[in-house]
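**Student:** Below is a structure I'd like to ask you about.
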Amino acid sequence: MPRASDDRPPSLWRAPPLWLRWVVTAMAFAGAIVAVVLIVHAVNKVDPGTGGGAASPAELESANRETRIVVTADQAPHTAALRGGSSPRAAITTAVTADMRSRIASRRLDGPLDRSGCTQTGVRGATLAFRCSVVAADVTYPFVGVVDQDAKRTTWCKVDPAPTPGETIPVSTRCRLPAMTP
């Protein structure tokens, strides 16, 4: 009668040694990690030369151009009639304060409005120049403006910071005397 060991089919493959099984498993995991890294890299399209996904120079220039357009619109001149009997300083302070209240009410800026004031900075004939400051929600917003007493008109502009350091976006000449800088 044959022995129990003889009942098993002959094995053509012997189990590999334990050390080889560990090496094959480690290589499989390393391959899986490399595949995941390559897939993530391809999906995110990360360019290592730009610091991990930073915008390209063309994208930055486009964003700066759009910001300059928004800043220019925000700095657009506003006018109001100069009411008889009111001082030029009071007229421009009232106009700038009303402008800020409107910006806060339309949620373009955070409020509440804390305080506002204007200081005369120059004069040319019947036109007086002013620099104003409005504080709303602990943020100070600068304005420049002129009061033309002959035309009975107050004109002012909000002064925004430039989109990039060192750059300036000048306010309209309607909001300042020709010799003034914003």
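Every number in this text was worked out from the coordinates using simple rules, so none of it is lab data. Note that the structure is predicted; figures quoted are calculated from it, not measured. Positions of Cβ are generated from backbone atoms using ideal geometry, with glycine treated the same way; all protein chains shown enter the neighbour counts.
**Student:** In the neighborhood of residue 67, defined by Cβ-to-Cβ distances under 12 Å, what is the net charge if each Lys or Arg adds +1 and each Asp or Glu adds -1? Kindly include the intermediate steps, with their values, before the conclusion.
**Tutor:** Working: positive: 65, 68; negative: 61, 66, 74, 160, 167.
Overall, the nearby charge balance is -3.
**Student:** Sticking with this structure for a sec: Would you kindly state how much longer the chain becomes between residue 83 and residue 164 on full extension, computed as 0.36 nm times their sequence separation minus their alpha carbon distance, in nm to one decimal?
**Tutor:** Extending this stretch completely gives an extra 25.2 nm.
**Student:** By how many nm would the segment from residue 65 to residue 174 grow when fully extended, if each residue of separation counts as 0.36 nm and the alpha-carbon distance is taken off?
**Tutor:** Working: separation 109, 0.36 × 109 = 39.24 nm, distance 2.32 nm.
In short, 36.9 nm is gained.
**Student:** If each residue's Cβ is checked for other Cβ atoms within 10 Å, how do 65, 101, 14 rank with the fewest at the top?
**Tutor:** Details: 65 10, 101 17, 14 6.
Listing 65, 101, 14 from fewest to most nearby Cβ atoms yields 14, 65, 101.
**Student:** Spin-label point model (7 Å from Cα, Cβ direction): what's the residue 153 to residue 26 distance in nm?
**Tutor:** 8.3 nm
**Student:** Now for a separate question. Could you please report the charge total around residue 137, scoring K, R as +1 and D, E as -1 over all other residues with beta-carbon less than 14 angstrom from its beta-carbon?
**Tutor:** On the way: positive: 101, 103, 107, 108, 115; negative: 110, 114, 138.
Within the 14 Å Cβ shell, the charges total +2.
**Student:** Also: Assuming 0.36 nm per residue, please report the length gained on full extension of the stretch residue 73 to residue 133 beyond their Cα-Cα distance.
**Tutor:** Values: separation 60, 0.36 × 60 = 21.60 nm, distance 1.92 nm.
Using 0.36 nm per residue and subtracting the Cα-Cα distance, I get 19.7 nm.
**Student:** Separation between the residue 140 and residue 42 pseudo-spin-labels, each 7 Å from Cα along Cα→Cβ, expressed in nm?
**Tutor:** That separation, rounded to one decimal, is 5.6 nm.
**Student:** What is the local net charge at residue 175, summed over the other residues whose Cβ is closer than 13 Å to its Cβ (Lys, Arg +1; Asp, Glu -1)? Mind showing how you got there, number by number?
**Tutor:** Details: positive: 131, 153, 158, 174, 176; negative: 74, 99, 148, 160.
Local net charge: +1.
**Student:** A further question follows. How would you rank 143, 29, going from fewest to most other Cβ atoms within 10 Å of each one's own Cβ?
**Tutor:** On the way: 143 26, 29 9.
The fewest-first ordering by Cβ neighbours comes to 29, 143.
**Student:** With the cut-off at 1.5 for a/c, could you classify the stretch 77-175 from its C-alpha gyration tensor as rounded, prolate or oblate?
**Tutor:** Numbers: a/c = 2.07, a/b = 1.32, b/c = 1.57.
Because a/c hits 1.5 or more and a/b fails to exceed b/c, the stretch 77-175 counts as oblate.
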